[in-house]
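Okay, structure first, notes after.
The values are calculated or read from the model by the stated rules, or taken from the named source; none is laboratory data. These numbers come from a predicted model, not from an experiment. Reconstructed Cβ throughout: ideal geometry from the backbone, glycine too, with neighbour counts over all protein chains shown. Accessible surface areas use protein heavy atoms only, side chains included; no ligands, DNA or RNA. Shrake-Rupley method; radii C 1.70, N 1.55, O 1.52, S 1.80 Å.
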Amino acid sequence: QVQLVESGGGLVQPGGSLRLSCAASGNIFSVYTMGWYRQAPGKQRELVASITSRDITNYADSVKGRFTISRDNAKNTVYLQMNSLKPEDTAVYYCSQNRPFTTYWGQGTQVTISS
């Protein structure tokens, strides 16, 4: 069983920055695509960013140029650096690990952008 533990969420003013972290259990972290998703109240969960085992990244149009996903395979950790945050970025952010037949999810971390 894989465990994903997110951290780094919080309350930030518009224009601010946050760095989310997701630590994964297991010893074969490097082979899987990792992702960050978010879900705002009343909305569906959406992909924010993903990174493959070869460090190929993909971003939602709404965050391109502002968010950066990265991974440290030695630490079994994936990061999401979020800059120039906007109120519409407010959501619960979830880490995911995409395996061939299963996707594992973390418990989520709340990100609130408000003045």
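Here are the numbers for this structure:
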item	result
Accessible area of the chain divided out per residue, in Å², using a probe of 1.4 angstrom	54 Å²
Alpha-carbon Debye profile of the chain, log10 I(q)/I(0) at 0.13, 0.17 Å⁻¹	-0.44, -0.75
Carbon + sulfur, % of accessible area of the chain - ligands and nucleic acids excluded, 1.4 Å	47 percent
Sum of side-chain charges, Asn73 neighbourhood, beta-carbon under 13 Å (Lys, Arg +1; Asp, Glu -1)	+1
